[in-house]
Amino acid sequence: VGEVRGSKEEIKNGCSDLSMKEEEKIEIGHCTDSLQTNDKHCALNTPSQINSQSPAHNEREEPDVEQSSNITRVSAKLRPKMIWFCGTGAGTAEWSALRDFRVKDSHLICIQLDDLKVKEHFSQYVNLAEMFICAQASVCCSEQETVLMHRLWRQLVVVCNTFATRYIEKRKFAKSLELLEKAYNLAGFDKLVTTDTTRELRAFVNDTYAYYYAQRQKPSAALKYVTRSMKVHLQRKDWQSVSICHLHTAYVLGRLSKHDEAIRCMGQILSLVNDGSLVMNSGSLKLVLLIAVTFHNIAVQQIILGYTGEACISSQNARRLSRMCLTLSNRYIPTLESTHKRALHDLTTLSKHRNSTKNKKEFSSLMRQLFD
């Protein structure tokens with residue numbers, strides 16, 4: 001799964017700097033052959049139904065206390081955090097087609113939309129685009145114009161949902177909830193969207209609702225919405241969206257302290273890769289990033305459960321995959337590196353206490369996996 005900078009003897013002597021270096025090349029089309037998982041802690045079973053809410057785990061562990069002469073030092077380790085996968089963040093709305101319609105000053109409206117986006121006046125942006133599309137839809141004559149209106153309305157719902165996600169990231173929850181309600185209602189406008197499109201768009205909105213409640217520390221509500229979203233994507237056989245829902249379900253299960261179930265849930269994403277439902281190739285960088293985040297979140301849960309060896313391997317897999325799509329993964333790199341350092345810190349702690357036969361065997365086995 002990569003090499004450790006330094007020799008085995010340096011590691012056995014308790015070297016604390018175990019940064020990994022990347023020298024081998026992996027072809028994206030065959031990267032699943034080198035993704036190492038552990039069947040014991042990544043079983044491909046469906047997570048059990050959660051009917052009651054248990055308290056979310058504390059992000060801070062019990063402090064370690066060091067005593068030397070007259071000084072007592074207390075150092076608290078922060079638990080690594082899982083990533084809520086919000087996509088690549090690379091998509092932009094394209095409204096240039098509006099200039100081709102017979103509405104007065106359409107080019108000025110496009111300029112206004114760009115200006116509102118820069119100023120982050122997202123509610124005004126959505127309202128202006130909605131007004132313009134509705135005005136044009138009322139005078140559409142040709143079939144080609146009608147199809148274009150459907151596409152623009154779908155884009156409007158997606159943009160509204162994306163802006164809600166940005167507000168959640170900025171912790172502006174009141175504004176995000178307003179845009180979520182707006183997106184949900186826009187998705188049901190039957191004059192411009194079909195029933196199937198409505199179900200698909202509302203599934204995306206429900207997934208964002210789950211993100212909203214997860215950030216508001218309401219994991220049970222988040223689990224309800226992400227489950228609704230997954231049911232729709234499963235019926236439509238949209239496996240990439242199903243994988244994202246699995247990842248988000250695992251995030252919520254982690255908040256509910258259901259760590260084993262979270263790992264099993266993410267294992268189903270790797271199962272979709274192995275059986276060919278998710279095809280990784282040179283044109284699917286978003287999917288490569290999704291798998292990288294999956295391995296990272298698996299590593300986080302393994303660290304919490306004390307599976308040090310498996311956590312090192314999972315975090316290293318996440319780092320290597322993220323380097324295949326640096327144009328998309330830059331926003332996640334600091335988190336991936338932080339989690340990997342924490343896994344290596346736990347590994348060095350294990351190496352310092354390998355006197356017992358059990359720890360010695362575990363450490364030796366892990367070293368063979370990292371070097372082979």
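The values are calculated or read from the model by the stated rules, or taken from the named source; none is laboratory data. Computed from a predicted model, the values in this text were never measured in an experiment. FYI the Cβ positions are ideal-geometry reconstructions off the backbone, even for glycines, and counts take in every protein chain you see. Note: accessible area is taken over every heavy atom of the protein model, side chains too, but ligands, DNA and RNA are not part of it. Shrake-Rupley method; radii C 1.70, N 1.55, O 1.52, S 1.80 Å.
For Arg202, are the conditions met, namely being closer than 25 Å to Ala135 by Cα, free of Cβ contacts under 8 Å to residues at least 60 places away in the same chain and among the charged types (D, E, K, R)? I'd like the intermediate steps shown before the answer.
On the way: closer than 25 Å to Ala135 by Cα: yes; free of Cβ contacts under 8 Å to residues at least 60 places away in the same chain: yes; among the charged types (D, E, K, R): yes.
Against the criterion (closer than 25 Å to Ala135 by Cα, free of Cβ contacts under 8 Å to residues at least 60 places away in the same chain and among the charged types (D, E, K, R)), Arg202 qualifies.
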task = Return the residue satisfying two criteria in turn: it lies in segment 244-269 and is over 20 Å from Gln217 (Cα atoms) and touching a Ser or Thr at 6+ places or on another chain (Cβ under 8 Å), and of such residues it is surrounded by the most Cβ atoms within 10 Å (Cβ to Cβ).
result = Met266
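In segment 167-199, how many are open to solvent by 70 Å² or more (accessible area, probe 1.4 Å), under 21 Å from Ala129 (Cα atoms) and within 20 Å of the chain's Cα centre (by Cα)? Spell out the reasoning first.
As a first pass, look at segment 167-199 and keep what is open to solvent by 70 Å² or more (accessible area, probe 1.4 Å): 169-172, 174-175, 178, 181, 184-185, 190-191, 194-196, 199.
Cutting the leftovers down to under 21 Å from Ala129 (Cα atoms) gives us 175, 178, 181, 184-185, 190-191, 194.
Now restrict to residues that are within 20 Å of the chain's Cα centre (by Cα): none.
Residues that pass the stated criteria total 0.
Assess whether Arg342 counts as being surrounded by fewer than 21 Cβ atoms within 10 Å (Cβ to Cβ), at pLDDT 80 or above and touching a Pro at 6+ places or on another chain (Cβ under 8 Å). Step through it out loud before you land on a result.
Details: surrounded by fewer than 21 Cβ atoms within 10 Å (Cβ to Cβ): yes; at pLDDT 80 or above: yes; touching a Pro at 6+ places or on another chain (Cβ under 8 Å): yes.
So Arg342 fits the description; yes.
Mind telling me which of the residues Ala97, Ala164 ends up being modelled with pLDDT under 90 and of a type in the set (A, V, I, L, M, F, W, C)? Walk me through it before giving the result.
Numbers: Ala164 fails: modelled with pLDDT under 90.
Residue meeting the stated conditions: Ala97.
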query = Which members of segment 112-166 meet the condition of being open to solvent by 70 Å² or more (accessible area, probe 1.4 Å), out of contact with any Lys or Arg (no Cβ under 9 Å at 6 or more places or on another chain) and either under 23 Å from Tyr212 (Cα atoms) or hydrophobic (A, V, I, L, M, F, W, C) (or both)?
reply = Val118, Lys119, His121, Gln124, Met131, Cys141, Val147, Arg154
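Outside any loop (DSSP other than H, G, I, E, B), of a type in the set (Asp, Glu) and within 19 Å of Cys160 (Cβ to Cβ): which single residue out of Asp196, Asp190, Asp207 fits that description?
That would be Asp207, the only listed residue that is outside any loop (DSSP other than H, G, I, E, B), of a type in the set (Asp, Glu) and within 19 Å of Cys160 (Cβ to Cβ).
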task = With a cut-off of at least 1 residues that are closer than 22 Å to Tyr213 by Cβ, name the helices (runs of 4 or more DSSP H) lying wholly within segment 227-329.
result = 239-255, 259-274, 285-305
